[in-house]
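Heads up, the thing below is written out as structure tokens.
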Amino acid sequence: MQTTTASVPLCPVSSEDDPEQELLCIFGTGDLGRSLGQRLIQAGYRLVYGSRRPHSCGPLPPGTQVATSHEAAAQSAQLIFLCVHREHYDFLESLTPQLKGKVVVDVSNNLKRDLYPEANAEHLQRLIPGAHVVKAFNTLSAWALQNGPSDANRQVYLCGNRTEAKQAVAETATKLGFTVVDRGSLSAARELEDSPLQLFPDWRLPMRLTVGLTAFFFLYVVIRDVIYAYVEQRKDISFRIMVSLANKVFPIVSLIMLSLCYLPGIMAACLQLSRGTKYKRFPDWLDRWMLCRKQLGLVSLAFASLHVLYTLIIPIRYYVRYRLAAITISQIRENKTTAFDTTMAWRTDSYYSMGVLGFGLFLLLGISSLPSVSNILSWREFSFIQSKLGYLTLFICTFHTYLYGWDKFLHLASYKWFTPPSYMLCLIVPSAVLLLKMLLLLPCVDKRLTRIRQGWERADPEDGTRKSLLT
Ligand code: NAP
């Protein structure tokens with residue numbers, strides 16, 4: 001590879017440098033140019049910068065050079081990283097002869113989607129048709145590059161029309177410690193440029209559901225508990241909003257969200273059974289729902305954790321300590337004792353025990369969904385944990401809620417203003433999911449579903465009629 005004689009070594013390369021080390025070029029001495037340069041030098045490359053201001057471009061990674069001009073820098077290396085914003089690409093047109101046959105890496109992103117009619121990388125390829133443009137590194141931030149792949153995103157997505165050019169970029173990225181994901185030709189550049197602009201796309205549906213459910217149940221318990229007490233008994237118990245009511249809403253949302261993780265799987269199974277095939281596409285909404293099950297589960301786990309924390313602070317609450325002291329003092333005054341209620345002891349112990357067990361299993365589900373853990377599990381192990389243990393968790397948490405309610409559903413006083421208690425409402429979805437799952441596990445149903453999932457298809461009676469008409 002030819003190195004330029006026109007380059008100005010502002011920061012001279014040390015004499016120990018191996019002349020066989022590959023020389024790369026970066027256009028632009030801004031944030032990304034400097035971070036990328038630092039990583040390239042650490043990986044053992046020699047580096048020359050192309051800058052508009054070669055003599056005053058600020059501190060650069062030690063061991064790098066700055067060429068006198070972009071032309072000189074372009075001539076010196078085969079691989080050029082273009083760390084310049086798209087709006088400034090026009091200067092490259094004058095470099096067409098120097099860039100002919102060179103690999104130019106477009107790292108650019110835009111501030112908004114669809115800002116330009118074509119992707120930056122495609123626009124660049126049109127400006128310098130003789131060069132081989134590869135889109136890469138745009139999904140990494142300057143900060144991530146500086147910290148290295150161990151601290152940050154490990155993947156470098158790339159795309160380009162020429163295989164050799166992509167290979168050259170892939171080799172460099174691999175030397176920097178990144179895993180390369182080839183996304184095909186330059187027509188994929190738009191997608192790569194859009195990806196850093198996404199704002200939690202997989203979390204939108206779970207977040208909307210969470211906000212909707214939380215708002216609904218919070219309002220419901222405020223009306224039933226606080227407003228009801230004020231209107232009917234002239235009692236102000238609004239202080240209960242902060243802990244008691246919050247601790248009613250969190251487990252409710254958590255249980256519903258957990259059951260919503262399993263409901264789409266059951267719906268899909270019912271659809272497959274009714275259609276008699278697995279080869280027909282599910283409706284889009286069901287596909288989208290199934291794709292966000294992990295997020296639904298994680299939100300549910302977060303709410304279950306809040307429920308645990310709020311439950312732990314119950315004994316130190318002023319209201320609880322006051323009530324306990326008041327009851328004890330009045331019993332002493334009246335010389336009264338309450339008899340030990342074995343049924344109550346069984347009920348509360350079972351209720352707490354199911355809660356602790358359910359939360360323990362829930363944590364296991366959450367841990368096994370972490371990529372670092374799920375990557376070392378076989379598909380069978382993963383589906384055993386997420387499906388079998390998942391249903392067990394749902395069962396235990398639902399049972400925990402039934403134990404909480406116990407026989408309250410028999411008491412008329414529970415139905416304030418003719419509305420059922422919130423825990424009863426929250427049991428509807430999980431109970432339905434568990435019941436449907438039990439039906440799907442019936443041997444005759446399970447056998448048919450397994451056959452369908454192995455590729456068996458029910459003969460379509462319409463097809464048979466058509467065939468007989470043709471023969
Ligand atoms: P920056 O800090 O503003 O640096 C851009 C550099 O471009 C400047 O330092 C300048 O270098 C050069 N430049 C500016 N105007 C120019 C012109 N008219 N003609 C030629 N060169 C010009 O921007 P950056 O953050 O490094 O981003 C550079 C590119 O990387 C952008 O396309 C951005 O979308 C992409 N990117 C950035 C990040 C990030 O975290 N920063 C992450 C991914 C992708 P000289 O003064 O040396 O000429």
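Of L82, L158, L124, whose Cα points farthest to the positive end of the dipole of the stretch 53-171 (charges on the beta-carbon: +1 Lys, Arg; -1 Asp, Glu; origin at the Cα centre)?
So the residue we want is L158.
Have a look at T450, F409, L186 and report the one farthest towards the positive end of the charge dipole of the chain, computed about the Cα centre with Cβ charges (Lys/Arg +1, Asp/Glu -1).
F409
Kirkwood Rh over alpha-carbon pairs of the stretch 54-117, then Stokes-Einstein at 4 °C and 1.567 mPa s: what D in µm² s⁻¹, rounded to an integer? If you can, show how the numbers build up before the last one.
Numbers: Rh = 13.6 Å.
Estimated via Stokes-Einstein, D reaches 95 µm²/s.
Under the rule of at least 5 residues apart or a separate chain, name every residue whose amide H is placed under 5 Å from the amide H of V66.
Here V8, L10, C11, Y49 satisfy the definition.
Would you please classify the overall shape of the stretch 68-160 from the alpha carbon gyration tensor, given that a ≥ b ≥ c denote the square roots of the eigenvalues, rounded means a/c under 1.5, and beyond that prolate means a/b larger than b/c while oblate covers the rest?
Since a/c reaches 1.5 but b/c is at least a/b, the shape of the stretch 68-160 is classed as oblate.
I need the peptides 363-369, 411-417 ranked by packing, meaning the mean over residues of other C-beta atoms within 10 angstrom, with the highest value on top. Working shown, then result.
On the way: 363-369: 16.9, 411-417: 11.1.
The most tightly packed comes first, giving 363-369, 411-417.
If you line up the long axis of helix 390-405 against the longest principal axis of the chain, both from Cα atoms, how many degrees apart are they, to the nearest 10?
40
Please list, ordered by chain and number, the residues whose modelled amide H lies under 5 Å from the amide H of V134; skip anything fewer than 5 residues away on the same chain.
V104, V105, D106
Roughly how many debye, to the nearest 20, is the charge dipole of the chain about its Cα centre, given +1 on each Lys and Arg Cβ, -1 on each Asp and Glu Cβ, and no other charges?
2040
I'd like the distance separating the alpha-carbon centroids of the stretch 350-394 and the stretch 407-457, in whole Å.
Their Cα centres are 20 Å away from one another.
So what's the angle, to the nearest 10 degrees on a 0 to 90 scale, between helix 461-470 and the longest Cα principal axis of the chain?
60
Could you order the peptides 319-326, 283-290 from most to least packed, using the average number of other C-beta atoms within 10 Å per residue?
Ranked from most to least packed, the peptides come out as 283-290, 319-326.
Using only the Cα atoms of the stretch 132-191, build the gyration tensor, take square roots of its eigenvalues as a ≥ b ≥ c, and label the shape rounded, prolate or oblate: rounded if a/c is under 1.5, else prolate if a/b is larger than b/c, else oblate.
Prolate shape, in that a/c is at least 1.5 and a/b is the bigger ratio.
Rounded to the nearest whole Å², what accessible area per residue is found for the chain with the 1.4 Å probe?
Accessible area per residue, the chain: 57 Å².
Protein chains only, probe 1.4 Å: how do H88, H132, H55 rank by accessible area, largest first?
H55, H88, H132
For V156, list long-range residues whose amide hydrogen, built 1.01 Å from N in the peptide plane, is under 5 Å from its own amide hydrogen.
Amide H neighbours of V156, under 5 Å, 5+ apart: T179, V180, V181.
Give me the lysines in straight-line cross-link reach of K235: C-alpha distance below 21 Å, same-chain residues under 8 apart excluded.
Here the lysines satisfying the reach criterion relative to K235 are K248, K416.
Mind checking the angle between helix 293-312 and the chain's longest principal axis? C-alpha axes, 0 to 90 degrees, to the nearest 10.
Between the helix axis and the principal axis of the chain, the angle is about 50 degrees.
For the chain, just the Cα set please: Rg and Dmax, both in angstrom.
32.3, 103
Within 10 Å, count the other beta carbons around each residue, average over each peptide in 306-318, 160-172, and list them highest first.
Packing proxy ranking, top to bottom: 160-172, 306-318.
The values are calculated or read from the model by the stated rules, or taken from the named source; none is laboratory data. No experiment lies behind these values; they were computed from the predicted model shown. Here Cβ is always computed from backbone atoms with ideal geometry, including for glycine, and neighbour counts include all displayed protein chains. Ligands, DNA and RNA are stripped out before the accessible areas are found, and what is left, the full protein with its side chains, is counted by its heavy atoms. Shrake-Rupley method; radii C 1.70, N 1.55, O 1.52, S 1.80 Å.
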